[in-house]
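Engineer: First, the structure itself, so that you have it in front of you.
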Amino acid sequence: MITQPFKQAVAQKDLERVKIMLSSSLFLDLTFKSFQEMLAYTLNQIPELIEQHDGTEFPDRSVWTKTYASEVREDLIDNFSAERIEHIKNVHEHVYAQELQEQLNSSTAATKDVKHEVSSVNITLLIVTLGVAVASILVGVLMDLSIVTIATTTVISTLLVGGITYYVVQKQ
């Protein structure tokens, strides 16, 4: 998520602040989604953000720990290179494997809950609206009204009851 302070830092071309905020996002969101969104936003306005790699060689996985992950995030501020970003991603996937999986699972579960809620609301609205439409048609036929009157009554009552139902369901 791109915050207002981040947008301000980018607009002011405050590279140090932008790099710090990008680096911090890596710790808060291990999935890299926020980082990627923020980086894309920044590169549209500050394409020179990505620097040439300083030549630092990265150690193998045997020394990758949470402390090391923290250190490479800090190093990113001094040398914001594509190679370093890729290395941090690999380190995070290794060091924070369990936490990363938990973040991914909670994100997926939240999405499923929202979809289920929306689906339930839509079904409720559909049932109520269809019920009103059927009732309007039956009343019109029983009262021997013209087809135009029945259609008009059905549309108006369906919109009215559907709108009220939608409002009530959204309030909950």
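Just so you know, all these numbers are worked out from the coordinates, no wet-lab data involved. Note that the coordinates shown come from a computational prediction; the quantities given were computed from them, not determined experimentally. Methodologically, a virtual Cβ is constructed for each residue, glycine included, from the backbone with ideal geometry; neighbour enumeration extends over all protein chains shown.
Engineer: Highest first, please rank the peptides 21-31, 92-102 by the mean number of other Cβ atoms sitting within 10 Å of their residues.
Structural biologist: 21-31, 92-102
Engineer: Between N105 and I2, take the C-beta separation as r, use R0 = 22 Å, and let me know the FRET efficiency to the nearest 0.05.
Structural biologist: In this case the efficiency is close to 0.35.
Engineer: So what is the relative contact order of the range 1-78, in percent, for Cα pairs below 8 Å that sit 6 or more residues apart?
Structural biologist: 36
Engineer: In nm, to one decimal, how far is the modelled label at S24 from the one at L49, with both set 7 Å along Cα→Cβ?
Structural biologist: 1.5
Engineer: Sorted by packing (mean other beta-carbon atoms within 10 Å per residue), highest first, where do 39-46, 144-151 land?
Structural biologist: The packing order, highest mean first, is 39-46, 144-151.
Engineer: Which residues among the range 1-42 fall inside the zone where the amide N is under 18 Å from a point 7 Å beyond the Cα of I77, along Cα→Cβ?
Structural biologist: It comes to 5-7, 9-10, 13-29, 35, 39, nothing else.
Engineer: Set the Förster distance to 41 Å, then compute FRET efficiency between D14 and Q98 from the Cβ-Cβ distance, nearest 0.05.
Structural biologist: Calculated transfer efficiency: 0.70.
Engineer: Hey, another quick one. Counting only residues 5 or more places away or on other chains, whose amide H sits under 5 Å from the amide H of S81 once H atoms are built in the peptide plane?
Structural biologist: E51
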